[in-house]
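See below for the structure under consideration.
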Amino acid sequence: MEKLYHLTKAEQLTTSIVADLLKDAEGFNKSLKAGVRNFKNLSGVTICSLFYEESTRTRFSFERAALLLGATVIGTENAAKFSSAAKGESLEHTIKMVSGAAKGHLGYADIIVLRHPENDAADRAARVSSVPIINAGSGADEHPTQALLDAYTFQKLLGRLDHFTISFIGDLKFSRVVNSDAFLLSQYPGVKMFFVAPEGLEIRPELKSYLSQKEVEFEEASDIKAVVRESDICYVVRVQKNRIKDSELLLAYQRNKDNFAVTEEVYKMSQQKGTFFCHPMPVDEEEQEIRPEVENLPRVKMFEQAGYGVPVRMAILAKVWQNTKI
């Protein structure tokens, strides 16, 4: 069995690792549904939740997962302001201290869950850490644990991770989730991808090149209505207003935002295919890329999808800790 120690990129997630983690996640899910709350996989372990950027679902699901597994959780939801980063400390020095790089028994944590605004942060942290680093979102680059919970969601919805069509819709340029999902799904045969984005927010050239090298079938489009009837999954992402510096890009999106939203019309168009609609959340309250009138309809799965973050991240934490002992 391949060993997973640091988890910084979705490209680390081979099909065998994914299968192993999703099997464990399903076991945790069934136990949680049965009312089990006293898992002991991480008894005596300390998890550091080190978030330099805002988060609701990722941070809470990781912390909930850790607590259910019997771990202690320390950390901060705003390390950029409420840690020594505000005093000018480098990420590397923070990681060395928390991980106990000088004297392991004096470290503050046994696993570090890191979110950071810089694309290379997780890799930099892993290079200097003496404990596992789990990437909980690095800039606009990667979000591998979201890709795992998405894979778990797709498998629950479709019964498979191969031979299906998925459409990614919205701001694809700055979405770390789309990057990680595409990397993970590219390993499975028969997966076709549509990329539907506003002008200027299209899929990045390096991802196109990667998919071409992997011989993944993909097409680009500019309207969700052009692809919804062919899609098993429509995966909608919000426009990353916190990362877009060009106001014209945002204005161009807003003038045509119905082209990238799940509306009543789009939902009805998908009826025959039975398309499922996913979203990593949050949904932008102003842009409403999944409209309120459809968000609670049966094939809109974003709340269920977010809930799967707990068993999936339980599986990740348990496996990473287990691998430190091998």
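For the subset of segment 248-294 comprising residues that are of a type in the set (Val, Ile, Thr) and part of a loop (DSSP other than H, G, I, E, B), which member is farthest from Phe168 (Cα to Cα)? Reasoning before the result, please.
In the first step, residues of segment 248-294 are kept if they are of a type in the set (Val, Ile, Thr); the result is 262-263, 266, 275, 283, 290, 294.
Restricting the remaining residues to those that are part of a loop (DSSP other than H, G, I, E, B) gives 263, 275, 283, 294.
Working: Thr263: 16, Thr275: 13, Val283: 15, Val294: 18 Å.
Result: Val294.
If I filter segment 161-177 for residues that are within 28 Å of Leu69 (Cα to Cα), assigned to a loop (DSSP other than H, G, I, E, B), touching a helix residue (DSSP H, G or I) at 6+ places or on another chain (Cβ under 9 Å) and outside the structural domain of Ala19 (by TED's automatic domain parsing), do I get at least one hit? First the steps, then the outcome.
From segment 161-177, those within 28 Å of Leu69 (Cα to Cα) are 161, 176-177; that's our starting set.
Add one more test, that the residue is assigned to a loop (DSSP other than H, G, I, E, B), and what stays is 161.
Pick out the ones that are also touching a helix residue (DSSP H, G or I) at 6+ places or on another chain (Cβ under 9 Å) and you get 161.
After this cut, where a residue has to be outside the structural domain of Ala19 (by TED's automatic domain parsing) as well, the list is 161.
The answer is yes, given that some residue of segment 161-177 is within 28 Å of Leu69 (Cα to Cα), assigned to a loop (DSSP other than H, G, I, E, B), touching a helix residue (DSSP H, G or I) at 6+ places or on another chain (Cβ under 9 Å) and outside the structural domain of Ala19 (by TED's automatic domain parsing).
How many residues does segment 35-80 contain that are among the charged types (D, E, K, R) and closer than 18 Å to Leu148 by Cβ?
So the first thing to find is which residues in segment 35-80 are among the charged types (D, E, K, R), and the list is 37, 40, 53-54, 57, 59, 63-64, 77.
Filter once more, keeping what is closer than 18 Å to Leu148 by Cβ: 57, 59, 63-64.
Here the count works out to 4.
Identify all residues within segment 264-289 that are surrounded by fewer than 19 Cβ atoms within 10 Å (Cβ to Cβ), closer than 16 Å to Val196 by Cβ and over 24 Å from the mean Cα position of the chain (by Cα); write none if there are none.
Glu265, Met269, Lys273 - these are the residues of segment 264-289 that are surrounded by fewer than 19 Cβ atoms within 10 Å (Cβ to Cβ), closer than 16 Å to Val196 by Cβ and over 24 Å from the mean Cα position of the chain (by Cα).
For the condition modelled with pLDDT of 95 or more and either out of contact with any strand residue (DSSP E or B) (no Cβ under 7 Å at 6 or more places or on another chain) or assigned to a helix (DSSP H, G or I) (or both), what is the one hit in Leu157, Leu114?
Numbers: Leu114 fails: either out of contact with any strand residue (DSSP E or B) (no Cβ under 7 Å at 6 or more places or on another chain) or assigned to a helix (DSSP H, G or I) (or both).
Answer to the check: Leu157.
Out of the residues in segment 296-313 that are charged (D, E, K, R) and in a helix (DSSP H, G or I), state the one that is surrounded by the fewest Cβ atoms within 10 Å (Cβ to Cβ). If you could, list the steps in order and put the result at the bottom.
Of the residues in segment 296-313, the ones charged (D, E, K, R) are 299, 301, 304, 313.
Adding the requirement that they be in a helix (DSSP H, G or I) leaves 304, 313.
Numbers: Glu304: 13, Arg313: 27.
Ranking the qualifying residues of segment 296-313, first place goes to Glu304.
Collect the residues in segment 72-109 that are under 25 Å from the mean Cα position of the chain (by Cα), of a type in the set (D, E, K, R) and surrounded by fewer than 14 Cβ atoms within 10 Å (Cβ to Cβ), keeping them in residue-number order.
Lys81
For segment 90-110: of the residues being in contact (Cβ under 8 Å) with a residue 12 or more places away in the chain and charged (D, E, K, R), which is nearest to Asp123 (Cα to Cα)?
Restricting attention to segment 90-110, the residues satisfying the condition of being in contact (Cβ under 8 Å) with a residue 12 or more places away in the chain are 91-92, 94-96, 98-101, 104, 107-110.
So of that shortlist, the ones also charged (D, E, K, R) come out as 92, 96, 110.
Details: Glu92: 11, Lys96: 14, Asp110: 18 Å.
Filtering first and then ranking leaves Glu92.
With (1) farther than 29 Å from Pro117 by Cα; (2) in contact with a helix residue (DSSP H, G or I) (Cβ under 7 Å, 6 or more places away or on another chain) as the list, and Leu207 as the residue in question, which single condition is left unmet?
All conditions are met except number (1).
What residue, of Tyr308, Tyr267, is farther than 30 Å from Gly44 by Cα, hydroxyl-bearing (Ser, Thr, Tyr) and at pLDDT 95 or above?
Details: Tyr308 fails: farther than 30 Å from Gly44 by Cα.
One residue alone meets the criteria, Tyr267.
What pairs can you find where one residue is in segment 1-14 and more than 20 Å from Trp321 (Cβ to Cβ), the other is of a type in the set (Ser, Thr, Tyr), and their Cβ atoms are less than 6 Å apart, with a gap of 6+ or different chains?
That search, which allows pairs on different chains as well, returns Ala10/Ser180.
Can you tell me which residues in segment 130-176 are closer than 20 Å to Leu317 by Cβ, of a type in the set (Gly, Ala, Ser) and either crowded, with 24+ Cβ neighbours inside 10 Å or touching a Phe, Trp or Tyr at 6+ places or on another chain (Cβ under 8 Å) (or both)?
Ala136, Gly137, Ser138, Ala147, Ala151, listed by residue number.
Which pairs turn up if I take residues in segment 229-251 that are without any contact (Cβ under 8 Å) to a residue 12 or more places away in the chain and look for partners that are surrounded by 17 or more Cβ atoms within 10 Å (Cβ to Cβ) with beta carbon separation below 8 Å, at least 6 apart in sequence or on another chain?
From segment 229-251, the pairs are Leu250/Val239; Leu250/Ile244.
Inspect segment 28-40 for any residue being more than 28 Å from Asn242 (Cα to Cα) and under 21 Å from the mean Cα position of the chain (by Cα) and give the result as yes or no. Walk me through it before giving the result.
To start, the set of residues in segment 28-40 that are more than 28 Å from Asn242 (Cα to Cα) comprises 28-40.
Restricting the remaining residues to those that are under 21 Å from the mean Cα position of the chain (by Cα) gives 28-29.
Checked segment 28-40: at least one residue is more than 28 Å from Asn242 (Cα to Cα) and under 21 Å from the mean Cα position of the chain (by Cα).
Suppose we filter Leu21, Leu42 for residues that are crowded, with 19+ Cβ neighbours inside 10 Å and assigned to a loop (DSSP other than H, G, I, E, B); which single one remains? Lay out the reasoning, then the answer.
Working: Leu21 fails: assigned to a loop (DSSP other than H, G, I, E, B).
Going through Leu21, Leu42 in turn, the sole match is Leu42.
Tell me whether segment 314-323 contains one or more residues that are outside the structural domain of Met193 (by TED's automatic domain parsing), more than 22 Å from Ala197 (Cα to Cα) and either assigned to a loop (DSSP other than H, G, I, E, B) or of a type in the set (Val, Ile, Thr) (or both).
yes
Among the residues of segment 228-249, which ones are within 21 Å of the chain's Cα centre (by Cα) and either assigned by TED's automatic domain parsing to the domain that holds Pro117 or among the β-branched types (Val, Ile, Thr) (or both)? If you could, list the steps in order and put the result at the bottom.
Looking only at segment 228-249, we keep the residues that are within 21 Å of the chain's Cα centre (by Cα), and these are 231-244.
Of everything in segment 228-249, those that are within 21 Å of the chain's Cα centre (by Cα) and either assigned by TED's automatic domain parsing to the domain that holds Pro117 or among the β-branched types (Val, Ile, Thr) (or both) turn out to be Ile233, Val236, Val237, Val239, Ile244.
The values are calculated or read from the model by the stated rules, or taken from the named source; none is laboratory data. Since this is a predicted model, take the numbers as computed values, not measurements. Note that we place each Cβ from the backbone using ideal geometry, even for glycine, and neighbour counts take in every protein chain shown.
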